[in-house]
Amino acid sequence: MARVVVDVMLKPEILDPQGQAVANALPRLGVTDVSSVRIGRRIEIDFTGEPDLDRAREIADKLLANPVIEDFEIRVESAAAEVA
Amino acid sequence: MRIGVVTFPGSLDDGDAARAARIAGAEAVRLWHGDPDLHGVDAVVLPGGFSYGDYLRCGAIARFAPVMESIIDAARGGLPVLGICNGFQVLCEAHLLPGALTRNQHLHFRNRDQWLKVEATNTAWTNGFTPGQEILIPVKNGEGCFVADTKTLDALEAEGRVIARYINGNPNGSQRDIAGITNEAGNVVGIMPHPEHAVEALTGPSLDGLGFFTSVLRSLATDGQLAGGQQ
């Protein structure tokens, strides 16, 4: 299967209250050496044929990420990585 | 005059928006997300709710509904469009309005009656108010925190495109207390609180919300730009 992975993250300057809430919970786990947590989204797109990075980029740009508040990265996932 | 109200899968406030349009004196026309035909309406309301379950991002999927393709074209041609709550999110996702609406800063869903100060009154949906008028309408959102880059925020303020700001407390952390904005032409307005829930003494905290609906009727009558609907 031809899988493209898209990682969507809030831009660094956009406040991430969910990440902050998680960071604030960490001391309850005894974790005190974390300065920041930010939460993003991983999207896996399976193409029927060859992985098409240009198509994936278009999908990410138009729908998966909102360029006003988010950045994205795309990559083709290798078959070996899929097993892991 | 005919005001169209769109129903997406997951819309909640389409019934109240249609009712508000009728109370203001318009004919309410229900529009379906899957039907690109606008049925000759003179204005459109995108109601609140959770279109497509708010999946991906609020409004992100609704923006690609067949009815939205027609609304985006018509809005660029001057059709008055009001987006309330989820409708505001859809308008931002459709790039008809700048900025974006993100998770409330405090992470809590906020549902309360909210005071606003009206600013821009030269839009299709706010011309019945006076600048500086204070109005009370319900706010109810989990992702109503308006954000944009500094340049965009400065431009919105310099061009007088903030239509209302939160006063007596900002319910969601919106930058510069912005509750609603308009596009350059003044025909497209997005507002996070719900004017359609403040049109009757029995169910609302005031009748202040009616002003949005009577404004658009006045603007349509003044402009004589009826799209073909019956008066």
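The values are calculated or read from the model by the stated rules, or taken from the named source; none is laboratory data. Because the structure is a prediction, the values reported are computed rather than measured. Please note: Cβ atoms are built from the backbone with ideal geometry, for glycine as well, and neighbour counts cover all protein chains shown.
Here B:Y55 meets each of (1) under 19 Å from A:N66 (Cβ atoms); (2) surrounded by 21 or more Cβ atoms within 10 Å (Cβ to Cβ) with one exception, condition (2).
Considering the conditions (1) farther than 18 Å from B:F213 by Cα; (2) surrounded by fewer than 22 Cβ atoms within 10 Å (Cβ to Cβ), B:E134 is excluded by exactly one of them, (1).
From B:F50, B:F109, B:F88, B:F64, grab the single residue that is at negative phi and within 13 Å of the chain's Cα centre (by Cα).
B:F88
Are there any strands (runs of 3 or more DSSP E) wholly within region B:84-146 with 3 or more residues that are touching a Pro at 6+ places or on another chain (Cβ under 9 Å) and at pLDDT 95 or above, and if so which?
Of the strands (runs of 3 or more DSSP E) lying wholly inside region B:84-146, those with at least 3 residues that are touching a Pro at 6+ places or on another chain (Cβ under 9 Å) and at pLDDT 95 or above span B:110-118, B:134-141.
Considering each residue of region A:28-37 in turn, none proves to be at pLDDT 95 or above and farther than 30 Å from B:H108 by Cβ.
Scanning region B:161-194 for residues that are away from chain A (no Cβ under 14 Å), on the phi > 0 side of the Ramachandran plot and touching a residue at least 60 places away in the same chain (Cβ under 8 Å) yields a single hit, B:G186.
Please go through region A:1-22 and pick out each residue that is away from chain B (no Cβ under 13 Å) and either without any contact (Cβ under 8 Å) to a residue 60 or more places away in the chain or more than 20 Å from the chain's Cα centre (by Cα) (or both). The answer is A:M1, and nothing else.
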